[in-house]
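The values are calculated or read from the model by the stated rules, or taken from the named source; none is laboratory data. Everything quoted here is computed from the prediction, not taken from an experiment. So basically every Cβ, Gly included, is an ideal-geometry build from the backbone, and we count neighbours across all protein chains shown. Quick note on the areas: whole protein, heavy atoms, side chains included, nothing else; ligands and nucleic acids left out. Shrake-Rupley method; radii C 1.70, N 1.55, O 1.52, S 1.80 Å.
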Amino acid sequence: MNKLYAEFFGTFWLVLGGCGSAVLAAAFPELGIGFVGVALAFGLTVLTMAYAVGHISGGHFNPAVSIGLWLGGRFPAVGLLPYILAQVLGGIAAGGVLYVIASGHAGFDVAAGFASNGYGAHSPGGFSMQAALVCEVVTTAMFLVVILGATDGRVPAGFAPIAIGLCLTLIHLISIPVTNTSVNPARSAAVAFYAGGWAVEQLWLFWLAPIVGAGLGAGIYRVIGGREPAKA
């Protein structure tokens with residue numbers, strides 16, 4: 001249960017920190033942090049929680065990561081469903097806290113998107129469904145390559161959270177204009193649950209693409225890196 005609690009709170013922090021920065025601070029009058037700030041916020045959530053609880057649960061905080069680690073031979077199949085459930089519930093809990101906070105502002109309107117992921121008319125840059133699909137698959141694949149490489153038993157211990165956090169920051173710098181960046185089905189579900197409407201209708205892509213990308217990334221790393229087990 002300690003592992004599941006760690007995944008719950010790790011995902012909670014990721015959604016609260018990352019989506020919270022997008023909802024509350026990205027376009028704050030005159031002092032908004034913008035895309036760069038939101039990208040950095042997501043990277044920092046993963047970095048900080050990886051150091052805080054990564055030694056307990058492995059620090060997945062993402063169903064696609066759990067599936068990719070399983071496909072990469074780093075995680076047992078029996079743990080997948082409990083981990084994914086803990087991650088989704090942690091994300092939804094954070095979405096609820098964020099909703100309460102954001103509702104305290106007179107101009108808040110959840111219909112504006114609530115940091116939801118989208119394509120077409122709901123893409124920040126108006127990118128098509130095909131573009132969104134390719135972007136999410138490729139960036140998630142590279143995320144898994146970095147995760148598997150940084151946690152490889154042949155790599156010096158203690159630096160993996162830095163590489164993984166910076167990788168997630170880079171992914172957001174690339175893909176926020178395309179999809180608002182998912183690479184994490186739990187993060188997408190967490191805010192879509194409250195936004196409803198189009199966010200729920202388009203949620204399928206932000207489960208499918210990251211999972212496909214995670215499988216692709218696991219396969220790539222198996223080819224280039226072998227099957228060296230992760231460090232304890």
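Is there any pair linking a residue in the range 193-204 that is on the phi < 0 side of the Ramachandran plot to one that is open to solvent by 50 Å² or more (accessible area, probe 1.4 Å), with Cβ under 6 Å and at least six apart or on different chains, and which? From residues that are on the phi < 0 side of the Ramachandran plot, the pairs are 194/99; 198/122. A single member of 190, 195, 131 is of a type outside the set (S, T, N, Q) and farther than 19 Å from residue 18 by Cα, and it is 131. Among the residues of the range 1-21, just one is farther than 25 Å from residue 67 by Cβ and touching a residue at least 40 places away in the same chain (Cβ under 8 Å), namely 20. Sub-7 Å Cβ pairs linking a first residue in the range 118-140 that is on the phi > 0 side of the Ramachandran plot to a second residue that is part of a helix (DSSP H, G or I), at least 6 apart or interchain, are 120/129, ordered by first then second residue.
For residue 211, are the conditions met, namely being under 22 Å from residue 88 (Cα atoms), assigned to a helix (DSSP H, G or I), open to solvent by 40 Å² or more (accessible area, probe 1.4 Å) and in contact (Cβ under 8 Å) with a residue 24 or more places away in the chain?
yes
Considering 64, 39, the condition of being part of a helix (DSSP H, G or I), in contact with a Pro (Cβ under 7 Å, 6 or more places away or on another chain), open to solvent by less than 20 Å² (accessible area, probe 1.4 Å) and among the small types (Gly, Ala, Ser) is satisfied by 64 alone. Taking first residues from the range 69-89 that are of a type in the set (S, T, N, Q) and partners that are in a helix (DSSP H, G or I), the Cβ contacts under 7 Å between residues at least 6 apart in sequence or on separate chains come to 87/7; 87/11; 87/63; 87/186.
Looking at the range 180-202, can you tell me whether even one residue there is of a type in the set (Val, Ile, Thr), at pLDDT 95 or above and over 20 Å from residue 87 (Cβ atoms)? Looking for residues that are of a type in the set (Val, Ile, Thr), at pLDDT 95 or above and over 20 Å from residue 87 (Cβ atoms), one finds none in the range 180-202, hence no.
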